[in-house]
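Student: What follows is a structure written as C-alpha cells; I'll ask about it next.
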Amino acid sequence: MSLFNRLKKKFSGKHTDEEIENKESDELIDELDDGLISLEEFEEWEQEQIGYKFRMGLEKSRERFQAQINQLMATHRTVDEDFFEALEEVLISADVGFNTVMELTDELRDYAKLKNITETVDLKEVIVEKMIEIYERNNHISEEMNMQDDLTVILVVGVNGVGKTTSIGKIAHRYVKEGKSVMLAAGDTFRAGAINQLQVWGDRVGADVIKQSEGSDPAAVVFDAVNAAKRRGTDVLICDTAGRLQNKGNLMKELEKIKNVIKKVDENAPHEVLLVLDATTGQNALSQAKAFNEVTEITGIVLTKLDGTAKGGIVLAIKNELGIPVKFVGLGEKIDDLEVFSAENYVYGLFSDMIDETSEENDE
Amino acid sequence: MAFEGLGGRLQGIMDRIKGKGKVTEQDIKEMMREVRLALLEADVNFKVVRQFIKDVSERANGVDVMKSLTPGQQVIKIVQEELTNLMGGENSKINMSQKPPTVIMMVGLQGAGKTTTAGKLALLLRKSHNKKPMLIAGDIYRPAAIDQLETIGKQLDIPVYSMGDKEKVETIVENGLKYARENHLDTVIIDTAGRLHIDEDLMNELKNVKEIAKPNEIMLVVDSMTGQDAVNVAESFNDLLDITGVTLTKLDGDTRGGAALSIRSVTEKPIKFIGVSEKMDGLEPFHPERMASRILGMGDILSIIEKAQMNVDLEDQAELEQKLKENTFTLDDFLAQMDQVKTLGPLDELIKMMPGANKIKGLDKVKMSGKEIDHVQAIIRSMTMEEREKPEKLNISRKRRIAAGSGRSLQEVNRLLKQFNEMKKMMKQFTNGKGKKKNPFSGMGLPF
Ligand SMILES: Nc1nc2c(ncn2[C@@H]2O[C@H](COP(=O)(O)OP(=O)(O)O)[C@@H](O)[C@H]2O)c(=O)[nH]1
Ligand SMILES: Nc1nc2c(ncn2[C@@H]2O[C@H](COP(=O)(O)OP(=O)(O)O)[C@@H](O)[C@H]2O)c(=O)[nH]1
Ligand SMILES: [Mg+2]
Ligand SMILES: [Mg+2]
C-alpha cells in the first residue's frame, strides 16, 4: 500500500480486510463486554481524539497553508520556474529549512522532467509524498522513547523560553498516568522563579522535585537527583535545565558537565536527551539542533506551541540533515496538551485538504 | 554551516562580471536572486522579501549599478540602504506621560521575554531617566510567573505590585495603578501573560487592560529567532492593541533576525530596543543599519562601505584606482585615505569582516590601531607637499626634521616610509592583473 493510501485510510476510518480478520480473533473480549463501550472501541475513540486534537491544533496553520497551495496551483497551472519559486515560498512560509526546501524543489524539478509533467495539478500528490519521504529518509534514531525497565533518565535541553519546563510537566503527567513513578530535577538554577515553576508542575502531576537554592550548581542538583532516583527505585527521572543560547560556549560546557555527571552514576544514562524547540522559531532552530546535538547527542525533539499559527516546518530539515526525530508535540499550556508525534499526521495536517481532493478525483 | 551572507553569495557573480566590464540586466537579475535567498535564509517573511526585491530591482536597474566600477558593492549598498530605510530611523525613546505615572504595558507570545524585558526597562528608566518605576504582576496563568517578577524586583530593588493569581488581571492592574499614584511612583510597567495572537479570550483580556491602564507605551516583545510567523503575530497584536513599540529579544544568539524586517514592514511601528542578555543590563537601543547588516549576514561590513562611500564619491574612487594603477599614489593621498579610514573603527577587525579578505595572504597580519594612524598622520603632516609627492628624496636631515616636527622617533619615520613602499608594491599587484586577484576592496576608498 502506498504511503499515500495509508494516509488516506488513516483519516477516512476505512479498514482493510486484514484488520477485520484480526478483529475477529478478539472475540473473547467481546464476550466479556458488559454493554458499555468496549475496550477496543474506547481505544479507537481515544486514538481518534488524539488525531482530532492534533488536527485541530494544526487546523489554523493548515487553513492558511492550504489556501496558499490552492492559490499556487490556480495561479501557476503549468510547471515552470515561476511555479517552483512560488512553491519554494510556500514551503519557506511553513519554516521548512532553507536547504531542505531547495533540495525538495530540485527533486521535484527532476521528477517533473523525468515524468514529463507539465500541469502543476499532477505534482500535488508528489509534493506531499516527497515531504514525508524527506522526513523518513534518515532513520538512525528510534522514534520511540527509549524506556528502561528500571530507571529511565531524560535530560531536557534548549534555548530560552521554548517550553522546556512546561513540556517536562506534561511528559511527567503522561508517565504518571501510565502508573510510573516520576521524579523531576530542578536543573534550572539560573532563571528567576524557575525552580518554583517546576515545583508547581511537580505538585500538579504528583512527582517529587529534587532541588537546591537558586544560583547553585545545576550539575550538583542533577547528580543528587540521579542518586535519589536510584535509591528510591523511581521509574522516570526528568531533568530540567536552564535555557541557553547555543552560541554561548560556557553555558554549553555546563550542559556537557551535567550530562557527564549523569553518566558518572549510570553510564547508560541519560537514556533520552530531548531538545525542546519552539514551533515559531525559524531557520535558527537548525543551528540549535546542531549545536545541542554536538554537546549532548540529542535523541529526540519536543516541538512546542503548535497550537499557534506557526508550523514548525524546520523539523523536516532537522530530521533530514541530522536524523533527529520529533518525539512529542506541545499543543497548549495545559497538562494534557502533549501528543506523541506522528510524521504522517503532521504532514497530513499541513496538506490535508490537498490529499482529500486528489484522492476523490482518483476514486472517480 | 556558517552563514554565507550576501557578500559571499554575490562574490561569485562579481567574479564573473569582472571580466566583462559591463553589467547587464541579466546580471542584476541573478544578483537579485541571491539577495532573495539571503533574505529568506535570514527568516524575512517571504511576502516582505518579494516586495523588497521588486523595489530594489527597480533601483538597481537604474543607471547607477550598470555604470558602476564595482557593481557588486553597489548592489550591496542599495540593498543595505533600502533595508535600513524599511526598518525606520532610530527611536528608542519611551513615550512619557505629561502627568505621572507613565504606563508601559508588555505584550507578546509565551516565552518571548516580556517579564525579563519589563525588569530591564525598569532598570534602564531608573538609571538613565531618574524614574521611580514599579512593576505590576499581571501574569496570573503561568506557574510561578509572579514569583519570577518578584525575584527580579528584589534583585533590582524595584517594587512589584501583585495580588496573587486569584484576582482578575483587570483588577490587579487597576489597583496597581492606584497604588503607584498614591506612592508617587512615576513609571508603571505592566507584565502580562504570554498568549497566542489567535486566542480570542486572552486577546480581549489585553484589550480590557489597555482600556483600564491607558498605557503610553504598548511594547510588543518578540523573540528575534521567530520565523515566518512573525508577521501574523505582529499584525494581530498591532491590529487589536495599536502597539507603540517593539523589543526584539535574544539577539545575543546567532540568529540573523529577519523577523525585525517582517515586523517592521507589517506594523510600521518602531523597533525601540533589543535584548542582548539574560541579565538585567542587557537592553540596548535598536540600530537599523546594524540590524540590516546582520540580516544580510555581513557583519558590520555594510556600515563600513556606507561610511567609506559617504566620504568618497565615485569619481574620487576612479581617480584613486587610476593613481594606483599608474603608481602615482603619494603620501598625501595616503594621508587623505587615512582620514576616512579613521572613522571606520579598529582596522584589523574591519579587515577580517570583509568578503574575500581571507583569500589574501598576509592581510591577517595587518595591525593598525587608531593611535598608530594618528602617529602616521602626524609624520606625514610634518612633510612638505613636495616631500609627500616624492618620499624617495628624503635624506637623513629631512627625516630628522620630520621626526622632531611630529614628535615621533626617527625609527618610526623610517618604518612608515618602508611600509608605504611595500604597500605600493602590493597595490600594483592587485591593480595590474598579471593573473593576480584584483583588489576586492577597490572602490571602497581603503588604502590597501
Ligand atoms: N501555547 C503554548 N504555550 C506553551 C507551550 N509550551 C510552553 N508554553 C508556554 O511557553 C512559556 C515558556 O515555557 P517554559 O516551560 O517556562 O519554557 P522554558 O524556559 O523553556 O522552561 C510559558 O508561558 C508556557 O506556558 C505550548 O505547547 N503551547
Ligand atoms: N539570552 C537571552 N535570553 C533572554 C533575553 N530576554 C529574555 N530571555 C530569556 O528568555 C526566557 C523567557 O523570558 P521571560 O521573560 O520569562 O519571557 P515571557 O514568557 O515573555 O515573560 C528566560 O529564560 C529569559 O531569561 C535576551 O535578550 N537574551
Ligand atoms: Mg524552564
Ligand atoms: Mg512572563
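Student: Out of the residues in the stretch B:287-300 meeting the condition of being surrounded by fewer than 24 Cβ atoms within 10 Å (Cβ to Cβ) and in a loop (DSSP other than H, G, I, E, B), tell me which one is farthest from the other protein chains (Cβ to nearest Cβ).
Tutor: Result: B:H287.
Student: Could you tell me which of the residues B:K132, B:K120 is at pLDDT 95 or above, out of contact with any Asp or Glu (no Cβ under 6 Å at 6 or more places or on another chain) and more than 16 Å from ligand 3 (Cβ to nearest atom)? Outline the logic, then answer.
Tutor: Values: B:K132 fails: out of contact with any Asp or Glu (no Cβ under 6 Å at 6 or more places or on another chain).
Just one listed residue meets the conditions, B:K120.
Student: Being of a type in the set (K, R) and either part of a helix (DSSP H, G or I) or within 30 Å of B:D157 (Cβ to Cβ) (or both) is the filter here; which residues of the stretch B:235-281 pass it? Explain how you work it out, then say what you get.
Tutor: The initial filter retains those residues of the stretch B:235-281 that are of a type in the set (K, R), namely B:250, B:256, B:264, B:269, B:272, B:279.
Once the filter is applied, which keeps residues that are of a type in the set (K, R) and either part of a helix (DSSP H, G or I) or within 30 Å of B:D157 (Cβ to Cβ) (or both), the stretch B:235-281 yields B:K250, B:R264, B:K272, B:K279.
Listed here are the residues, each with its yes/no results for (1) more than 25 Å from B:L83 (Cβ to Cβ); (2) aliphatic (A, V, I, L, M).
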| residue | (1), (2) |
| --- | --- |
| B:I198 | yes, yes |
| B:D201 | yes, no |
| B:K214 | yes, no |
| B:V222 | no, yes |
| B:F237 | no, no |
| B:I243 | no, yes |
| B:V246 | no, yes |
| B:T255 | no, no |
| B:A259 | no, yes |
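Student: Only one of these is more than 18 Å from the chain's Cα centre (by Cα), more than 14 Å from every other protein chain (Cβ to nearest Cβ) and within 20 Å of B:F46 (Cα to Cα): B:E235, B:E268, B:E217. Name it.
Tutor: Details: B:E235 fails: more than 14 Å from every other protein chain (Cβ to nearest Cβ); B:E217 fails: within 20 Å of B:F46 (Cα to Cα).
Exactly one of B:E235, B:E268, B:E217 is more than 18 Å from the chain's Cα centre (by Cα), more than 14 Å from every other protein chain (Cβ to nearest Cβ) and within 20 Å of B:F46 (Cα to Cα), namely B:E268.
Student: Taking A:A172 as meeting all but one of (1) within 16 Å of ligand 3 (Cβ to nearest atom); (2) within 14 Å of chain B (Cβ to nearest Cβ); (3) out of contact with any strand residue (DSSP E or B) (no Cβ under 7 Å at 6 or more places or on another chain), write down the number of the exception.
Tutor: For A:A172, the exception is condition (3).
Student: Sort out which residues of the stretch B:119-173 are of a type in the set (D, E) and more than 16 Å from ligand 4 (Cβ to nearest atom), and write them in order of number.
Tutor: Taking the stretch B:119-173 first, the residues of a type in the set (D, E) are B:139, B:147, B:150, B:157, B:165, B:167, B:170.
Across the stretch B:119-173, the qualifying residues are B:D157, B:E167, B:E170.
Student: Test B:A122 against the stated conditions and say whether it is surrounded by 21 or more Cβ atoms within 10 Å (Cβ to Cβ), over 24 Å from B:R256 (Cα atoms) and away from ligand 1 (no atom under 16 Å from the Cβ).
Tutor: Details: surrounded by 21 or more Cβ atoms within 10 Å (Cβ to Cβ): yes; over 24 Å from B:R256 (Cα atoms): yes; away from ligand 1 (no atom under 16 Å from the Cβ): yes.
So B:A122 fits the description; yes.
Student: Of the conditions (1) over 20 Å from A:V265 (Cβ atoms); (2) more than 14 Å from the chain's Cα centre (by Cα), A:L155 fails just one. Which one is it?
Tutor: Single failed check for A:L155: (1).
Student: Looking at this structure, is A:A86 modelled with pLDDT of 85 or more, within 12 Å of another protein chain (Cβ to nearest Cβ) and touching a His at 6+ places or on another chain (Cβ under 9 Å)? If you could, list the steps in order and put the result at the bottom.
Tutor: Numbers: modelled with pLDDT of 85 or more: yes; within 12 Å of another protein chain (Cβ to nearest Cβ): yes; touching a His at 6+ places or on another chain (Cβ under 9 Å): yes.
Considered against the rule, which asks whether it is modelled with pLDDT of 85 or more, within 12 Å of another protein chain (Cβ to nearest Cβ) and touching a His at 6+ places or on another chain (Cβ under 9 Å), A:A86 comes out as yes.
Student: Here is a list: A:I318, A:I314. Which entry is away from ligand 2 (no atom under 16 Å from the Cβ) and facing chain B (nearest Cβ under 8 Å)?
Tutor: A:I314
Student: Another one. From A:I154, A:I210, A:I168, which residue is farther than 21 Å from A:K327 by Cβ and among the hydrophobic types (A, V, I, L, M, F, W, C)? Outline the logic, then answer.
Tutor: Numbers: A:I154 fails: farther than 21 Å from A:K327 by Cβ; A:I168 fails: farther than 21 Å from A:K327 by Cβ.
Sole residue among the options that is farther than 21 Å from A:K327 by Cβ and among the hydrophobic types (A, V, I, L, M, F, W, C): A:I210.
Student: Can you tell me which residue is farthest from B:P143 (Cα to Cα) among those in the stretch A:180-202 that are facing another protein chain (nearest Cβ under 9 Å) and out of contact with any Lys or Arg (no Cβ under 8 Å at 6 or more places or on another chain)?
Tutor: Taking the stretch A:180-202 as the starting set, the residues that turn out to be facing another protein chain (nearest Cβ under 9 Å) are A:190-201.
Now restrict to residues that are out of contact with any Lys or Arg (no Cβ under 8 Å at 6 or more places or on another chain): A:190-194, A:196, A:200-201.
Values: A:F190: 16, A:R191: 14, A:A192: 12, A:G193: 9, A:A194: 9, A:N196: 8, A:V200: 6, A:W201: 8 Å.
My answer is A:F190.
Student: What's the number of the only condition in (1) more than 28 Å from B:E41 (Cα to Cα); (2) more than 14 Å from every other protein chain (Cβ to nearest Cβ); (3) not aliphatic (A, V, I, L, M) that A:E254 fails to meet?
Tutor: Result: A:E254 fails condition (2) only.
Student: Something else now. Right, A:T166: within 16 Å of ligand 4 (Cβ to nearest atom), within 19 Å of the chain's Cα centre (by Cα) and either in the same structural domain as A:L184 (by TED's automatic domain parsing) or surrounded by 21 or more Cβ atoms within 10 Å (Cβ to Cβ) (or both) or not? Steps first, answer last, please.
Tutor: Details: within 16 Å of ligand 4 (Cβ to nearest atom): yes; within 19 Å of the chain's Cα centre (by Cα): yes; either in the same structural domain as A:L184 (by TED's automatic domain parsing) or surrounded by 21 or more Cβ atoms within 10 Å (Cβ to Cβ) (or both): yes.
The answer is yes for A:T166.
Student: Okay, next question. Being closer than 26 Å to A:G332 by Cα and in contact (Cβ under 8 Å) with a residue 60 or more places away in the chain narrows it down to one of A:I134, A:I171, A:I127, A:I141, so name that one.
Tutor: Criteria check complete, one pass: A:I171.
Student: In the stretch B:194-214, which residues are within 14 Å of another protein chain (Cβ to nearest Cβ) and crowded, with 21+ Cβ neighbours inside 10 Å? Steps first, answer last, please.
Tutor: Here is the first cut: in the stretch B:194-214, the ones within 14 Å of another protein chain (Cβ to nearest Cβ) are B:194-203.
Correct list: B:G194, B:R195, B:L196, B:H197.
Student: Could you count how many residues in the stretch A:280-293 are within 13 Å of another protein chain (Cβ to nearest Cβ) and either free of Cβ contacts under 8 Å to residues at least 60 places away in the same chain or aliphatic (A, V, I, L, M) (or both)?
Tutor: Residues that pass the stated criteria total 8.
Student: Residues that are within 13 Å of chain B (Cβ to nearest Cβ), among the basic types (K, R) and more than 16 Å from ligand 2 (Cβ to nearest atom): does the stretch A:146-169 have at least one?
Tutor: Residues of the stretch A:146-169 that are within 13 Å of chain B (Cβ to nearest Cβ), as a first pass: A:158-169.
Subset that is among the basic types (K, R): A:164.
Filter once more, so that each one left must be more than 16 Å from ligand 2 (Cβ to nearest atom): none.
Checked the stretch A:146-169: no residue is within 13 Å of chain B (Cβ to nearest Cβ), among the basic types (K, R) and more than 16 Å from ligand 2 (Cβ to nearest atom).
Student: On to the next question. With the requirement that a residue be buried (at least 23 other Cβ atoms within 10 Å of the Cβ) and within 16 Å of ligand 1 (Cβ to nearest atom), what does the stretch B:148-192 give you?
Tutor: Residues satisfying the conditions are B:Q148, B:L149, B:I152, B:V169, B:D191, B:T192.
Student: Report the residue count in the stretch B:143-186 for those that are part of a helix (DSSP H, G or I) and away from chain A (no Cβ under 14 Å). Let's see the steps before the verdict.
Tutor: Filtering the stretch B:143-186 for residues part of a helix (DSSP H, G or I) gives B:145-156, B:169-182.
Adding the requirement that they be away from chain A (no Cβ under 14 Å) leaves B:169-182.
Of the residues in that region, 14 qualify.
The values are calculated or read from the model by the stated rules, or taken from the named source; none is laboratory data. Please read all numbers here as calculations on a predicted model, not as lab measurements. As a convention, Cβ positions derive from the backbone with ideal geometry for all residues, glycine included, and neighbour counts pool all protein chains shown.
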